[in-house]
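Scroll down for the structure; my scribbles are underneath it.
The values are calculated or read from the model by the stated rules, or taken from the named source; none is laboratory data. The structure presented is a predicted model; accordingly, all values stated were derived computationally and were not measured. We place every Cβ from the backbone using ideal geometry, glycine too, and count neighbours over all the protein chains shown. Please note that ligands, DNA and RNA were not included when accessible areas were found on the heavy atoms of the full protein model with its side chains. Shrake-Rupley method; radii C 1.70, N 1.55, O 1.52, S 1.80 Å.
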Amino acid sequence: MDHIEFAETLEDLNHDCKNHLQLCVRNIGNKGNTSYVNRCTFCGEQIGNAILKSTVETPKALFDVTLKERYWEKRNELFRASVEVNSNGYVHPLPYEDFEKNLNGFISDLSHIDGVNINLINGYLSRYLTHATDVQRNSYKTPFSSEEDLHVWLSFELSRWFYVYPEVHGVGYVNRTKKNVRLDLIIKAKPELISSGFTDKYIGVEIKYLNPGERDGFHKRSSRGIFQALSYWYSGARWNLEGKDVDICTVLFFSDLSFTDERNKLFETIDRHYRKYWSAYLSVANHGNVGELIFDGSSNNYFKWRMDFAQVTYFTGYSNGDLRMGNPNLINKIRIGSTNS
């Protein structure tokens, strides 16, 4: 069709199907059955349901099943051409305004089909976004194979700046009853960090293998892990370290999503609700003196680590040796409901 072949922009393909209707014979299956339908001669879409044959004259035109394919082929070609590619191969994203215009055109085309209304389209879009998000999440592969792998990796990396004590046992209170508890790590800053303002108190680290590519892995494991970190703080536990009982001043959460390269694979999904859940969990945890240990980059190549409490940084250590104090008032908080003092 000339209007498809010679279209130069997406706007050239925008149209109202109702202005291009033609009665056609459409073949059904491979047994010679036919039906009478209206089709749009511009984009090839069937408009409405089959028409009772006794109510109309026999159509002279045969339904062209290739017209719709050619139309969308051209539309996709023009869409790809609407993004700018520079000499380095970098694709500049389509501006939102142009994307919205193209999407509105697509929705307008659909809305002219009998039985299709805006509520149906909204429902389909919602289903598409949910499905696409699940596909992206399920394709995620963590670089670690277990919690033990995370434990070994973190212990080695932190040993440059901290004294690291693994698998520390203690005694705390749960429902006013003494319970034996265990922390994955307790760390204490080396003199270099303390001289830069870092606390000289002990810090607990709870390690969790989330592996969000597994079904329901992210929500169940992350909420459970962060609650576990909270419970260590509110249990009032004392920890047996080298023959003496010690307190911790805060608890940090660490997981296979504590690397910015990894978390962006999950958090930058289509509707980004994973990021919202994560932020909500840590915002609540912050009030219970629980923060997050984050490495900017990947497990193979990071350029700094930081301790964040609800997205506010307590301290940052760079791989080149630089150390930077953030907000010193973020740890050792005591918060429980509303108190009179």
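For HIS112, what accessible surface area do you get with a 1.4 Å probe? Give it in Å², rounded to 10.
Its heavy atoms expose roughly 40 Å² to the probe.
Classify the stretch 159-208: rounded, prolate or oblate, from the alpha-carbon gyration tensor (a ≥ b ≥ c, eigenvalue square roots; a/c under 1.5 rounded; otherwise prolate if a/b is larger than b/c)? All intermediate terms of the calculation are to be shown ahead of the outcome.
Working: a/c = 3.55, a/b = 2.20, b/c = 1.61.
Because a/c hits 1.5 or more and a/b exceeds b/c, the stretch 159-208 counts as prolate.
Could you work out how far helix 96-111 tilts from the main Cα principal axis of the chain, as a 0 to 90 degree angle to the nearest 10?
Result, in degrees: 50.
Restricting to Cα pairs below 8 Å that are 6+ residues apart, what does the relative contact order work out to for the chain? Please round to a whole percent.
On the way: 526 pairs, mean separation 35.5, N = 341.
For the chain, the relative contact order is 10 percent.
Calculate how steeply helix 118-138 sits against the longest principal axis of the alpha-carbon atoms of the chain, using the helix alpha-carbon long axis, and give the answer as 0 to 90 degrees to the nearest 10.
Roughly 50 degrees between the two axes.
Does the stretch 1-82 classify as rounded, prolate or oblate by the C-alpha gyration tensor (a ≥ b ≥ c root eigenvalues; a/c under 1.5 gives rounded; else a/b over b/c gives prolate, otherwise oblate)?
Details: a/c = 3.08, a/b = 2.10, b/c = 1.46.
Prolate is the answer for the stretch 1-82, as a/c is 1.5 or above and a/b outweighs b/c.
Mind listing P(r) for the chain? All alpha-carbon pairs, 10 Å bins, whole percents.
That works out to 5, 18, 21, 15, 12, 11, 9, 6, 2, 0, in percent per bin.
Take the chain, mark every one of the trypsin sites (Lys or Arg not before Pro) that falls in a DSSP loop and has at most 15 other Cβ within 10 Å, then report the longest stretch left between them, sites excluded.
Value returned for the longest uninterrupted segment is 61-140.
Between the DSSP loop rule and a limit of at most 15 other Cβ atoms within 10 Å, which GluC sites (Glu not before Pro) in the stretch 156-256 are left?
Those satisfying the criteria are GLU214, GLU242.
Express the carbon and sulfur contribution to the solvent-accessible surface of the chain as a percent, rounded to the nearest whole number, probe 1.4 angstrom.
On the way: 9760 of 19550 Å².
C and S atoms contribute 50 percent here.
Does anyone have the angle between helix 147-158 and the longest principal axis of the chain? Alpha-carbon axes, 0 to 90°, nearest 10?
Between helix and principal axis, roughly 60 degrees.
Rank these residues by their accessible area, most exposed first, probe 1.4 Å: VAL164, VAL251.
Greatest to least solvent exposure: VAL164, VAL251.
Please arrange GLU8, GLU97 by accessible surface area, largest first, computed with a 1.4 Å probe and ligands excluded.
The ordering from most to least exposed comes out as GLU8, GLU97.
For the chain, which cysteines have no disulfide-compatible partner, meaning no other cysteine Cβ under 4.7 Å?
Lone cysteines by the Cβ rule: CYS24, CYS43, CYS249.
Tell me the per residue accessible area of the chain using a 1.4 Å probe; a whole number in Å² is fine. Show your work: numbers first, answer last.
Values: 19550 Å² over 341 residues.
Heavy-atom accessible area per residue stands at 57 Å².
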